1. So which of 47, 104, 41 ends up being at pLDDT 90 or above, under 30 Å from residue 125 (Cβ atoms), surrounded by 11 or more Cβ atoms within 10 Å (Cβ to Cβ) and among the hydrophobic types (A, V, I, L, M, F, W, C)?
2. Test residue 60 against the stated conditions and say whether it is crowded, with 19+ Cβ neighbours inside 10 Å and either in contact with a His (Cβ under 8 Å, 6 or more places away or on another chain) or assigned to a helix (DSSP H, G or I) (or both).
3. Go through (1) of a type in the set (Asp, Glu); (2) at pLDDT below 95; (3) over 30 Å from residue 151 (Cβ atoms) and name the single condition residue 18 misses.
4. Please find, within the stretch 86-96, the residue that is modelled with the lowest pLDDT out of those that are closer than 25 Å to residue 112 by Cβ and assigned to a loop (DSSP other than H, G, I, E, B).
5. Quick one: which of 94, 119 is of a type in the set (Asp, Glu) and exposed (fewer than 13 other Cβ atoms within 10 Å of the Cβ)?
6. Could you say whether any residue in the stretch 135-146 is under 30 Å from residue 61 (Cα atoms) and outside any helix (DSSP H, G or I)?
Amino acid sequence: MTDTRIPWPFTAIPVDLDSYGLNPYAYRVLTHIIRRQRCFASLKNIAALCTMSVRQVQHALKILETNGMIEKRVRRGRTNVYTFISPDRWKQPDYSADTGNFNAQDFFNRALLRRERKDFQGALADLHESISLYEQELLEAQNQGRVASRKEQDIKDAKNEVLRLIKKRKEELVLNEEMSKWIKEIETEQSNNSEQDLDDLEDF
């Protein structure tokens, strides 16, 4: 029988942290601070232990401090002290912020983060934007005679996420006539997908 016990001290990752949307550098630096509660190390040492550059650590710390996830105490002539802040004091993600520079992948990524945070209506809206932009990119590639199989797969993946969302959370969504028609078109188009394809993926 396989031993599934974890052979080292383990800290569970809170949902609020996992779904916050931090970049990998900020996430890594935050976990470094969380494990210690208070971090007195120099930027150089943090960089070495987190396997990144000092500049990446500085940028990560700025992100964490801006979002209220850590508190910095400056000590003259000594290293700064970084303290982990309780999640109930974190700045909440602002989904109303300007998305003018967002591309299809940005909307897709944000849709999954919003879904993890139980913002199903927002997730559906972002998937709609993602698919629309992916389809524009696909058309541009085809008009230029470029191979676009990756874009076709991106569209299929995003549409499958729409189907999963509707399958599992339809009763929690408010759908207008236009959105209902759009979803019906996806259901018809993707009707060759088996139930198993959607059920195999983790619940949300």
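1. After ruling out the rest, the residue left standing is 104.
2. Yes, satisfied.
3. Of (1) of a type in the set (Asp, Glu); (2) at pLDDT below 95; (3) over 30 Å from residue 151 (Cβ atoms), only one is false for residue 18: (3).
4. 96
5. On inspection, the qualifying residue turns out to be 94.
6. Within the stretch 135-146, not a single residue is under 30 Å from residue 61 (Cα atoms) and outside any helix (DSSP H, G or I).
Results for (1) within 26 Å of residue 176 (Cα to Cα); (2) free of Cβ contacts under 8 Å to residues at least 12 places away in the same chain; (3) among the small types (Gly, Ala, Ser), shown as yes or no for each residue.
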{"position": "92", "(1), (2), (3)": "no, yes, no"}
{"position": "96", "(1), (2), (3)": "yes, yes, yes"}
{"position": "110", "(1), (2), (3)": "yes, no, no"}
{"position": "134", "(1), (2), (3)": "yes, no, no"}
{"position": "138", "(1), (2), (3)": "no, no, no"}
{"position": "146", "(1), (2), (3)": "no, yes, no"}
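Conditions (1) among the β-branched types (Val, Ile, Thr); (2) touching a Gly at 6+ places or on another chain (Cβ under 6 Å); (3) at negative phi, marked per residue:
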| position | (1), (2), (3) |
| --- | --- |
| 30 | no, no, yes |
| 37 | no, no, no |
| 42 | no, no, yes |
| 48 | no, no, yes |
| 51 | yes, no, no |
| 58 | no, no, yes |
| 61 | no, no, yes |
| 76 | no, no, yes |
| 90 | no, yes, yes |
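The values are calculated or read from the model by the stated rules, or taken from the named source; none is laboratory data. On a predicted model such as this, the values are computed, not experimentally measured, just so you know. Here the Cβ is made from the backbone with ideal geometry for all residues, glycine too, and neighbour counts use every protein chain on show.
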